[in-house]
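Q: Let me give you the structure first, and then I'll get to my questions.
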Amino acid sequence: MRSVYCQGLFFIMGGLYPFIVILDTIAKFNAEREIFYREMEDGLYTTGPYFFSKVLSTLPFHTLFLVLYTVPMYWLAGLQPKAGKFLGNCLYTYLAVYSSRCMAMAISAAITNFQMAAFCANLLFTVFLLSSGFIINLESLWLGVKWLKWTSYLKWSFQALNQIEFHGLEFTCNSTMVAMYGECPISNGSVALKSYDLDGESLTECCSALVGIILLFLLLSFVFLKFVNQKPKK
């Protein structure tokens with residue numbers, strides 16, 4: 001039961017807030033577009049200063065909101081009261097939400113129409129969500145689309161959150177389950193992770209993948225800002 005409960009919690013932590021951030025980022029970027037376009041046309045600054053100031057200015061608020069979101073949820077949910085696991089949970093939730101923010105920035109810079117940008121962002125987020133490993137077991141994916149899981153930042157964060165919580169846990173089964181299966185079917189956290197195909201990559205690999213995805217989205221944001229006409233479209 002704990003495995004199902006924790007997976008549902010991590011799905012909410014790594015999926016609900018990142019989705020809200022996407023819509024918020026696109027809306028704010030769209031509101032700033034007219035000012036950005038006009039000041040760029042007047043030669044007040046170039047793409048570089050605007051891009052880096054926007055990225056740096058969002059970090060304090062991003063961190064504050066993540067603390068307010070993650071800290072109460074972790075302790076109220078009764079997850080393992082260990083400092084290392086708590087900090088690891090905060091780190092990977094932070095990276096997942098920031099990946100969503102960077103993806104929304106890239107899409108907003110590439111598509112100047114608000115409705116179309118929001119639609120494309122939701123569509124891409126849904127693809128990442130379906131290949132995260134919660135809704136569909138990754139091993140059961142059709143081979144033609146199985147590669148999508150490697151591009152999903154939600155997959156990497158969901159896998160990391162589960163590994164942090166389940167590694168080192170020992171489970172006990174009641175007499176009914178032992179009589180049914182002959183033994184306890186899920187005796188420890190490692191078996192639980194294996195049953196959901198969430199034991200393939202290490203935490204270091206998950207972190208590297210998330211950082212790489214963030215950098216890719218930031219690079220795309222800069223390129224689109226520089227080379228796509230940012231004239232507002234209604």
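Q: Given a Förster distance of 22 Å, report the FRET efficiency between GLN115 and ALA31 from their Cβ-Cβ distance, rounded to the nearest 0.05.
A: Given R0 = 22 Å and the Cβ-Cβ separation, E is 0.95.
Q: Kindly state, to the nearest 0.05, the FRET efficiency for HIS167 paired with TYR45, given R0 = 45 Å and r defined as their beta-carbon distance.
A: The value I calculate is 0.40.
Q: Give me Rg over Rh for region 85-154, both radii from the alpha carbons and Rh done the Kirkwood way, two decimal places.
A: Working: Rg = 14.0 Å, Rh = 13.4 Å.
Computed over Cα atoms, the ratio is 1.04.
Q: Same structure, new question: Output wanted: per-residue J couplings in Hz (rounded whole) for region 109-118, from phi through Karplus 6.51 cos²θ - 1.76 cosθ + 1.60, θ = phi - 60°, x for Gly and Pro.
A: 6, 7, 10, 7, 7, 4, 4, 5, 5, 5
Q: In nanometres, what is the gap between the two model label sites at VAL55 and VAL127, each 7 Å from Cα along Cα-to-Cβ?
A: Between VAL55 and VAL127, the simple spin-label model gives 2.3 nm.
Q: Now for a different question. Obtain the nm distance between the two label points defined at LEU148 and SER190 by a simple spin-label model: each point lies 7 Å from its Cα along the Cα-to-C-beta direction.
A: According to this spin-label approximation, the distance is 3.3 nm.
Q: Further question: Which value, in debye to the nearest 20, describes the size of the charge dipole of the chain about its Cα centre when Lys and Arg Cβ atoms bear +1, Asp and Glu Cβ atoms bear -1, and nothing else is charged? Before the final figure, lay out each step's value.
A: Working: 16 positive and 14 negative charges, 103 e Å.
It works out to roughly 500 debye.
Q: On to the next question. In angstroms, what radius of gyration and Dmax does region 1-88 have, counting Cα atoms only?
A: 18.6, 61
Q: Something else about it: Hey, if you put +1 on the Cβ of every Lys and Arg and -1 on every Asp and Glu Cβ in the chain, which of ALA118, LEU91, ASN30 ends up farthest toward the positive end of that dipole?
A: ASN30
Q: With runs of 4+ DSSP H residues as the only contributors, calculate the mean residue ellipticity of the chain at 222 nm using -39,500 (n - 2.57) per run, divided by the residue total and rounded to the nearest 500. Intermediate results must be reported in sequence, preceding the final value.
A: On the way: 8 runs with 168 residues, N = 234.
Taking each H run of at least 4 residues, the total per residue is -25000 deg cm²/dmol.
Read-outs: derived from the displayed coordinates by stated rules, not from any lab. Quick caveat, the model's predicted, so the values are computed rather than measured. With ideal geometry, Cβ positions are generated from the backbone for all residues, glycine too; neighbour counts draw on all protein chains shown.
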